[in-house]
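A short write-up of the structure that comes next.
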Amino acid sequence: MAIPEMQSSALSLLILLLPILLYISYHLARTLTKKKTTTHGLKSHPLLGHLPAFLRNRHRFLDWSTELIVASPDHRMGFWIPGMRTGIVTANPADVEHLLRANFANYPKGDHATSMLRDFLGRGLFNSDGDQWLWQRKNASLQFATRSLRRFVVDVVQAEVANRLLPLLRRSNAGGDVLDLQDVLERFAFDTICMVAFGHDPGCLADGGTLAEARSDLMHTFGEAQDLIIGRFLDPIEVSWKVKKWLNVGTERRLKKAIADVHAFAMDIVRARRRSASLDARDDVLSRFVASDDEALQDIVLSFLIAGRETTSSALTWFFWLVSSRPDVVARIADEVRVARESAGTRAGEPFGFDALRGMPYLHAALTESMRLYPPVPIDSQSCAADDTLPDGTHVGAGWSVTYSAYAMGRLAAIWGDDCAEYRPERWLGEDGAFRPESPFRYTVFHAGPRMCLGKEMAYVQMKSIVASVLEEFVVDVKKDAAGGVPEHVLSVTLRMKGGLPVQVRRRVVPGGAE
Ligand code: HEM
């Protein structure tokens with residue numbers, strides 16, 4: 001070939017390859033300039049990634065990830081584990097706002113998580129994305145906004161306090177028994193969520209009898225199903241639960257049985273409501289979904305049970321434990337309750353009105369502060385749909401899991417100041433004594449953005465009603481080993497206390513009066 005011919009064919013080759021070269025150099029440049037998430041103090045094995053560190057710390061995942069996050073200047077950690085997914089755990093408020101609001105559409109729960117939970121939760125509000133989620137959210141929000149639901153919540157909660165909780169504590173006081181307060185609070189929450197959401201009273205806190213016991217068994221079965229299904233997420237070898245499920249052995253066999261029992265309970269509720277032919281004539285949440293088929297209604301029932309069953313009980317268990325070593329906080333709450341009684345003209349043991357419960361700013365602050373340190377939903381994961389960049393330029397890949405840790409956020413001096421480890425309700429009060437809320441992207445206990453918790457107000461009504469009524473009448477002595485430090489928690493969807501919270505209640509001595 002002559003030289004000019006060679007030159008012209010080289011030129012044509014170059015022209016042909018130019019787009020490919022440009023494409024490669026563009027992506028190379030992007031990769032080199034992308035900010036990566038590095039985790040201070042966490043070593044990555046060349047083949048196993050962070051698996052060795054994960055296996056060593058899996059049993060204390062919350063504290064481990066919090067230590068790493070607190071030590072990191074970006075307040076996040078990245079992880080890569082073969083067989084599991086690549087991901088980020090963040091406590092950075094700018095990241096949280098980006099995930100939960102600014103780029104919400106790019107961070108759904110995702111097929112990976114929803115398919116793992118599908119056997120249990122179907123396609124209910126908690127376990128769906130896109131249109132499936134949106135229509136349920138709209139319907140449920142409409143119901144939560146009604147005045148009638150608010151009144152109904154107050155009535156249901158107050159009746160449960162007056163007719164079941166206080167009598168149970170009085171019996172326990174008379175007998176000098178040690179009670180597991182966490183268990184009592186879980187029964188309370190199960191009864192009230194069933195009544196508010198589906199107009200059904202399971203009577204878990206009702207007085208004794210085999211029926212009440214059978215109902216509590218069901219509540220425990222629900223807890224077992226929930227914990228076992230979360231075990232799927234914590235298994236470092238992801239196919240292993242699928243194999244166990246296929247072979248119907250081990251935890252998957254137990255899970256299958258627990259799910260069948262829970263589904264039968266949920267379907268009984270649905271069928272009973274259909275039979276009563278008054279599905280749409282009530283104030284509860286289910287009445288909003290009257291047009292759905294039975295299976296969809298069952299999924300809705302399960303989503304509300306998940307939402308309301310262990311959240312308030314977890315919050316209150318940690319609260320009662322925290323204040324057991326803070327008589328100053330208990331005394332201020334008791335004072336506030338006394339003043340609320342005087343201005344409402346009611347007496348101890350009588351129901352508090354909605355307005356009284358919306359007031360009591362110190363009690364509100366004491367609960368909010370306790371959930372800052374012990375958030376009922378300690379971590380919450382979403383999935384990244386398409387490659388993205390966090391506000392500080394850090395790359396997030398499609399398919400990665402992106403988790404925010406409310407638990408770590410509550411322990412960040414960058415958010416709460418140097419006294420962040422201290423339980424100090426006053427940090428929530430203005431000089432005028434009024435409660436000062438914090439941005440939901442910094443205080444993420446109730447989530448934030450379009451998927452923010454729908455039951456927040458109901459949760460406060462319930463928690464304030466319980467604390468005010470209990471502390472007005474009783475002193476709660478925690479029987480946990482005082483030298484044992486912070487009680488251990490169970491790693492599940494909610495922050496449950498391992499082994500429960502043993503307490504003894506004593507009648508409070510009213511100043512100037514008898515017991
Ligand atoms: C202290 C108590 C509570 C806390 C800390 C809490 C916290 C949360 C959190 C973190 C989420 C987001 C979960 C997710 O990503 O899937 C959530 C969602 C939700 N919560 Fe609550 N919750 C509480 C009580 C309740 C109660 C009593 C109800 C009553 C029905 C409720 C209803 C809901 C619902 C329906 C959602 C789903 C919202 C959606 O996906 O659009 N929550 N809550």
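The values are calculated or read from the model by the stated rules, or taken from the named source; none is laboratory data. Fair warning: this is a prediction, and the values are worked out from it, not measured in the lab. Reconstructed Cβ throughout: ideal geometry from the backbone, glycine too, with neighbour counts over all protein chains shown. Ligands, DNA and RNA are stripped out before the accessible areas are found, and what is left, the full protein with its side chains, is counted by its heavy atoms. Shrake-Rupley method; radii C 1.70, N 1.55, O 1.52, S 1.80 Å.
Below, the figures for the structure above:
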{"item": "Subset of the range 67-115 (residues that are among the polar types (S, T, N, Q), touching a residue at least 60 places away in the same chain (Cβ under 8 Å) and open to solvent by less than 10 Å² (accessible area, probe 1.4 Å))", "result": "THR90"}
{"item": "Matching option when the condition is of a type in the set (S, T, N, Q) and within 20 Å of the chain's Cα centre (by Cα), among GLN182, GLN158, GLN132", "result": "GLN182"}
{"item": "Test: ARG332 is open to solvent by 20 Å² or more (accessible area, probe 1.4 Å), modelled with pLDDT of 95 or more, more than 10 Å from the ligand (Cβ to nearest atom) and not in a loop (DSSP other than H, G, I, E, B)", "result": "yes"}
{"item": "Given (1) touching an Asp or Glu at 6+ places or on another chain (Cβ under 8 Å); (2) within 30 Å of THR146 (Cα to Cα); (3) open to solvent by 40 Å² or more (accessible area, probe 1.4 Å), index of the condition PHE435 fails", "result": "(1)"}
{"item": "Total residues in the range 282-313, condition without any contact (Cβ under 8 Å) to a residue 40 or more places away in the chain, open to solvent by less than 40 Å² (accessible area, probe 1.4 Å) and assigned to a helix (DSSP H, G or I)", "result": "1"}
{"item": "Residue list for the range 288-297, restricted to those being among the small types (Gly, Ala, Ser) and at pLDDT below 80", "result": "ALA291"}
{"item": "Residue within the range 504-513 that is modelled with pLDDT of 90 or more and within 28 Å of GLN226 (Cα to Cα) present", "result": "no"}
{"item": "Residues located in the range 343-360, provided they are polar (S, T, N, Q) and in contact (Cβ under 8 Å) with a residue 40 or more places away in the chain", "result": "none"}
{"item": "Residue within the range 358-373 that is more than 30 Å from GLU97 (Cα to Cα), of a type in the set (Lys, Arg) and either more than 12 Å from the ligand (Cβ to nearest atom) or in contact with a Pro (Cβ under 8 Å, 6 or more places away or on another chain) (or both) present", "result": "no"}
{"item": "Options ASP201, ASP217, ASP191, ASP177; residue that is without any contact (Cβ under 8 Å) to a residue 60 or more places away in the chain, out of contact with any Ser or Thr (no Cβ under 9 Å at 6 or more places or on another chain) and not in a helix (DSSP H, G or I)", "result": "ASP201"}
{"item": "Residue match in the range 339-348 (condition: crowded, with 18+ Cβ neighbours inside 10 Å and either more than 30 Å from ASN127 (Cβ to Cβ) or modelled with pLDDT of 95 or more (or both))", "result": "yes"}
